[in-house]
Amino acid sequence: MPLSFRFGTVGSPKATPPKPGGTVGGITYAASIGLDALELAWVQGVRVGEVTCASIQQAAAETGMALSVHAPYYINLNSDDEKWPRLRQYLIDAAHFGNLAGATDIIFHPGTYFSRPAEEVLKVIIPRLKGCVDELRAAGNPVTLRPEVSGKAAMLGSLSDVVEMAKAIRGVVPCIDFAHLHARLGDGAMNSYDEWMSALDFYRKSLGDEAMQHLHIHLSGINYGPKGEKNHLVMEEADLDFTNLMYALHTAGVRGRIMCESPVLEVDALKFKQLWMDVSGEL
């Protein structure tokens, strides 16, 4: 029986050999060390063509690797009207070339509130995001768009925000970054079994049982201050209670992918995999 979760890294593993190198080398190396998911880190821009995408898709098919894409950081669903078409194109390009590369999920940072209330901002961004999905579907592109929970309270992307986007638009499903959830309020909250269970229960009640079988999770240690996230940390340097998080995921009966964003990508990804096996009893 396969594990309930696939485990992988956001970006190619750090120890990917120089030949063949690149994403294809990252896929091959990740598979060789026991990982079965990879998120293509196109965070500075989408700089691939169809030939490269075809080679990525082939490597993933040969290794059984599940692929996702982290779209460019520049996307901001709440940008002003003048900037929106350009920023929108980053998401469309990530989805287009991600689909060609064999990725099923496109993760992106939804943007910022610009000091406006969340309720007001959601009225602006939901129609914009729906327009993106409509364009992709019209082109025959089936990818899931996943707005990510953000690590700062000033940024668009509370758990409630991303759930509201998903409730409003078919084809939009959150990316839950549990490190960001822990850091977001800057007070060390969201770090107990009961708090994790509360978040998962909210997710289930909002989006249904089926959504619980396709979670896309980002995970790492995290350094934070009063304003939220500062930087990612290796597992041992963090105060995040990984064990109780795994127990909560196990109790909730969820499935999906857990993608590591630690500074030591594959090292901690494999530790997360082992911790899941220890907690769940899966082999």
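The values are calculated or read from the model by the stated rules, or taken from the named source; none is laboratory data. What you are looking at is a predicted structure, and each value in this text was computed from that prediction instead of being measured. All Cβ positions, glycine included, derive from the backbone under ideal geometry; neighbour counts span all protein chains shown.
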Flag if Leu67 is more than 23 Å from Met155 (Cβ to Cβ), aliphatic (A, V, I, L, M) and touching an Asp or Glu at 6+ places or on another chain (Cβ under 7 Å) = no
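For region 1-47, which positions are assigned to a loop (DSSP other than H, G, I, E, B), within 26 Å of Arg88 (Cβ to Cβ) and either among the charged types (D, E, K, R) or under 15 Å from the mean Cα position of the chain (by Cα) (or both)?
Gly11, Trp42, Val43, Arg47
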What tally of residues in region 143-164 results from selecting those that are in contact with a Cys (Cβ under 9 Å, 6 or more places away or on another chain) and either under 16 Å from Val133 (Cβ atoms) or buried (at least 24 other Cβ atoms within 10 Å of the Cβ) (or both)?
-> 5
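Rundown of residues vs (1) surrounded by 20 or more Cβ atoms within 10 Å (Cβ to Cβ); (2) among the hydrophobic types (A, V, I, L, M, F, W, C); (3) assigned to a helix (DSSP H, G or I); (4) touching a Phe, Trp or Tyr at 6+ places or on another chain (Cβ under 7 Å), yes/no style:
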| position | (1), (2), (3), (4) |
| --- | --- |
| Ser79 | yes, no, no, no |
| Glu82 | no, no, no, no |
| Pro85 | no, no, yes, no |
| Asp93 | no, no, yes, no |
| Gly98 | yes, no, yes, no |
| Ile106 | yes, yes, no, no |
| Ser115 | no, no, no, no |
| Glu120 | no, no, yes, no |
| Ile125 | yes, yes, yes, no |
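Taking region 127-151 only, how many residues are hydrophobic (A, V, I, L, M, F, W, C), assigned to a helix (DSSP H, G or I) and more than 12 Å from Asn76 (Cβ to Cβ)? Walk me through it before giving the result.
Filtering region 127-151 for residues hydrophobic (A, V, I, L, M, F, W, C) gives 129, 132-133, 136, 138-139, 143, 145, 149.
Subset that is assigned to a helix (DSSP H, G or I): 129, 132-133, 136, 138.
When the remaining residues are screened for being more than 12 Å from Asn76 (Cβ to Cβ), the result is 132-133, 136, 138.
Looking only at that region, the number is 4.
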Just one of (1) in contact with a Leu (Cβ under 7 Å, 6 or more places away or on another chain); (2) over 20 Å from Asp134 (Cβ atoms) trips up Val69, so point out which.
-> (2)
Has region 233-256 got at least one residue that is charged (D, E, K, R), surrounded by 17 or more Cβ atoms within 10 Å (Cβ to Cβ) and touching a Lys or Arg at 6+ places or on another chain (Cβ under 7 Å)?
-> no
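Answer yes or no as to whether Leu38 is in contact with a helix residue (DSSP H, G or I) (Cβ under 7 Å, 6 or more places away or on another chain), crowded, with 16+ Cβ neighbours inside 10 Å and either at pLDDT 95 or above or among the hydroxyl-bearing types (Ser, Thr, Tyr) (or both).
Judged against the criteria, Leu38 is a match.
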So which pairs qualify, if the first residue must be in region 1-15 and closer than 16 Å to Thr28 by Cβ and among the aromatic types (Phe, Trp, Tyr), the second must be at pLDDT 95 or above and crowded, with 24+ Cβ neighbours inside 10 Å, the Cβ gap must be under 7 Å, and the two must be at least 6 apart or on different chains?
-> none
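Answer yes if at least one residue in region 65-76 is over 19 Å from Pro147 (Cβ atoms) and touching a helix residue (DSSP H, G or I) at 6+ places or on another chain (Cβ under 7 Å), and no otherwise.
Within region 65-76, the first condition is being over 19 Å from Pro147 (Cβ atoms), and the residues that meet it are 65-66.
Right, trim to touching a helix residue (DSSP H, G or I) at 6+ places or on another chain (Cβ under 7 Å) and you get 65.
Yes: region 65-76 contains one or more residues that are over 19 Å from Pro147 (Cβ atoms) and touching a helix residue (DSSP H, G or I) at 6+ places or on another chain (Cβ under 7 Å).
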From the options Gly157, Gly188, Gly228, residue that is of a type in the set (Gly, Ala, Ser) and modelled with pLDDT under 95 | Gly188
Note down all Cβ pairs under 7 Å where the first residue falls in region 206-229 and is farther than 13 Å from Glu261 by Cβ and assigned to a helix (DSSP H, G or I), the second is among the polar types (S, T, N, Q) and modelled with pLDDT under 95, and they're at least six residues apart or on different chains.
-> none
Looking at (1) over 16 Å from Phe5 (Cα atoms); (2) hydrophobic (A, V, I, L, M, F, W, C); (3) modelled with pLDDT under 95, which is the one condition that is false for Leu240?
-> (3)
Could you tell me whether any residue of region 194-203 is among the small types (Gly, Ala, Ser), farther than 20 Å from Gly8 by Cβ, under 18 Å from the mean Cα position of the chain (by Cα) and outside any loop (DSSP other than H, G, I, E, B)?
-> yes
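Report whether or not Ala183 is surrounded by fewer than 19 Cβ atoms within 10 Å (Cβ to Cβ) and hydrophobic (A, V, I, L, M, F, W, C).
Criteria not met by Ala183.
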